[in-house]
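The next block holds one structure in the form of structure tokens; read it before the comments.
The values are calculated or read from the model by the stated rules, or taken from the named source; none is laboratory data. No experiment lies behind these values; they were computed from the predicted model shown. For neighbour counting, all protein chains shown are included, and Cβ atoms are generated from backbone atoms with ideal geometry for every residue, glycine included. Areas reflect the complete protein model, heavy atoms only, side chains present, ligands, DNA and RNA absent. Shrake-Rupley method; radii C 1.70, N 1.55, O 1.52, S 1.80 Å.
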Amino acid sequence: MHYTNYVGGKFVDTKPAFSSFNPATEEELGQFPETLPEGVCEAVDVAAKAFKEWRQVSRIQRADYFWKLANLVKERIVELSQAISLETGKSLNESMAEVNEAMHMAQYTFSQGREAFGERVASEIALKDLQTFRKPKGVVAVISPWNFPFAIGGFWCAAPAILEGNTVVFKPSEETPLVGHLTAELYHQAGFPPGVFNLIYGFGGTGATLVNHSKVAHICFTGSAETGRRIRVKCAESWHKTCSCEMGSKSAVIVFDDANMDLAVNACVTSAYKLSGQRCVSAGRILVHWKIFYEFIDKFVEESEKVTIGDPMKGEFFMGPLINAKQLQRVVEYNKMTEDLDNVHVLLKGEKMDRKGHFMTPHVYTSEWCEHRFLREEVFGPHVAIIPFNDLDKAVDIYNDTIYGLSLAVCTNDFRKMREIRERCDYGLGYVNLPCIGAESHSVFGGVKASGNGSPSAAGTFRAVTNEVTWTVNYQDQGFQMAQGLK
Ligand code: NAD
């Protein structure tokens, strides 16, 4: 099947250039165009033209389209979940959760139509009124990763941008164009005016052209730290462009000696292996207090051995395949780095499974905290380091000692330890007695340091895609008075 770009309310005729594959079976799912610079310009021009009218539509009317969109998602939840599992290798249960997350974002966006989007501010002068409110930026480029192909691009980013009066050009990941197509189909069915939501396919080159286009005002980017860094540099070089970037991590669960052991082990298994360790928030590190270290590793290894791996479409397996052969090879290389080292003990050796598809088993090892790359870099697979610590200060130091700061969970029943972790660690998402994964659309989602530029996604996108302005009105009949006694 050959799919085409969606620009100006139409599926436009574009030649196929690359294919999408099912990572579990390696079968082709469809063919897609690679959008060249002219195609990018055309999409941005269409979006820029549509912006002039869309920004003048009432906020409540703009929001009404999201009621329809949310209901369309609800009607097609099974088909959408299956498509996500087919294209990403995510287990059907995780795909359903992603579709729910997207639907919640559409519902929340609808609700925001009737919420205040500014406030009245007091003035020193009695007959002067000040108000602040948010204005749309213009054309918003949405560039998304493959691991949440439905919820992130079309909903966490595009929906708030459109509600606020911007128009969108969305480039989905080259790994998940089929889910991108379904997103465009839903926006089309919901009846958004032509040019408000546009979708173009392509690789990093198409994304870079979109980022560089002079008419793009803001970039909502989610993906790797290196791509995000490049986008931030481009924005810094321009006068008008801004970006909100959500990037990778080396997230962690910190387990104290007073923790409920079963809860902690379950939280760690969920944090490490959901989506086969390919979530932005996946725990590549588990920090465990020395007093319970050996008990913990025995139980964690026992549970890791029970993790079932198989066809994501069946829904009964905990882990599916990795996204592609290149990612599998990358994980194999990181696993190899942990072998034959004095201070590293491999407890479970992760390997490619002898079957079709990019399936891998978990790799688990213990290590003292040190400079090894595998302890500090995002691996993006079922690759877990268990690191001992002897006091709270050391746990904080180890946790903070990477370039990232996305997600952490702490397992403890001591509210003082919980508070210290909350206050002293660098993160965007913190969890207590829970896995370090999971999100709800009506809260902000993002990270700090190399994990994000502090402009979070989901509920945070409404602010990221708008400029906040102050508007002052003088009601005196004759003349005007200035604040601060200025004559
Ligand atoms: P990636 O950076 O390779 O690609 C992400 C998107 O950027 C793709 O659409 C890609 O085509 C595009 N792109 C690549 N080079 C570009 C360039 N120079 N200019 C513009 N666009 C470009 O990431 P990926 O492999 O698809 O996704 C995995 C990464 O995403 C992981 O690091 C993961 O942690 C991160 N992620 C972060 C979050 C979060 O909210 N923090 C959520 C999901 C995934």
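Observations
- Filtering region 19-32 to residues that are in contact with a Pro (Cβ under 8 Å, 6 or more places away or on another chain) and more than 13 Å from Met1 (Cβ to Cβ) leaves Pro23, Ala24.
- Among the residues of region 4-62, the ones that are farther than 30 Å from Asp354 by Cα and of a type in the set (Ser, Thr, Tyr) come to 5 in all.
- Within region 260-271, the presence of at least one residue that is under 20 Å from Asn335 (Cβ atoms), away from the ligand (no atom under 13 Å from the Cβ) and touching a Pro at 6+ places or on another chain (Cβ under 8 Å) is confirmed.
- Boolean, Leu86 is buried (at least 19 other Cβ atoms within 10 Å of the Cβ) and either modelled with pLDDT of 95 or more or over 23 Å from Ser214 (Cβ atoms) (or both): yes
- From the list Gly446, Gly479, Gly430, the lone residue that is closer than 28 Å to Trp156 by Cβ and open to solvent by 40 Å² or more (accessible area, probe 1.4 Å) is Gly430.
- Boolean, Glu226 is within 23 Å of Val12 (Cα to Cα) and not polar (S, T, N, Q): no
Conditions tested, residue by residue: (1) under 14 Å from Ala24 (Cα atoms); (2) in contact (Cβ under 8 Å) with a residue 40 or more places away in the chain.
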residue	(1), (2)
Gly277	no, yes
Leu287	no, yes
Asp311	yes, yes
Leu322	yes, yes
Arg330	no, yes
Leu347	no, yes
Asp354	yes, no
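- Helices (runs of 4 or more DSSP H) (entirely within region 136-234) containing at least 1 residues that are open to solvent by 10 Å² or more (accessible area, probe 1.4 Å), near the ligand (Cβ under 9 Å from one of its atoms) and at pLDDT 95 or above: 204-212
- Qualifying residue in region 320-333 (condition: out of contact with any helix residue (DSSP H, G or I) (no Cβ under 8 Å at 6 or more places or on another chain), closer than 22 Å to Phe389 by Cβ and open to solvent by less than 20 Å² (accessible area, probe 1.4 Å)): no
- Within the set Asn467, Asn453, the sole residue that is in contact (Cβ under 8 Å) with a residue 60 or more places away in the chain, among the polar types (S, T, N, Q) and away from the ligand (no atom under 12 Å from the Cβ) turns out to be Asn467.
- For region 465-476, the condition holds for at least one residue, the condition being that it is aromatic (Phe, Trp, Tyr) and open to solvent by 50 Å² or more (accessible area, probe 1.4 Å).
- Across region 400-427, the number of residues qualifying as aliphatic (A, V, I, L, M), in a helix (DSSP H, G or I) and open to solvent by 50 Å² or more (accessible area, probe 1.4 Å) comes to 1.
- Test for Val379: is it β-branched (Val, Ile, Thr), without any contact (Cβ under 8 Å) to a residue 60 or more places away in the chain and either over 24 Å from Ile421 (Cα atoms) or in contact with a Leu (Cβ under 7 Å, 6 or more places away or on another chain) (or both): no
- Put simply, of Val121, Val99 the only residue that is open to solvent by less than 50 Å² (accessible area, probe 1.4 Å) and touching a residue at least 12 places away in the same chain (Cβ under 8 Å) is Val99.
- Any hit, region 378-399, residues being within 16 Å of the ligand (Cβ to nearest atom), in a loop (DSSP other than H, G, I, E, B) and surrounded by fewer than 16 Cβ atoms within 10 Å (Cβ to Cβ): no
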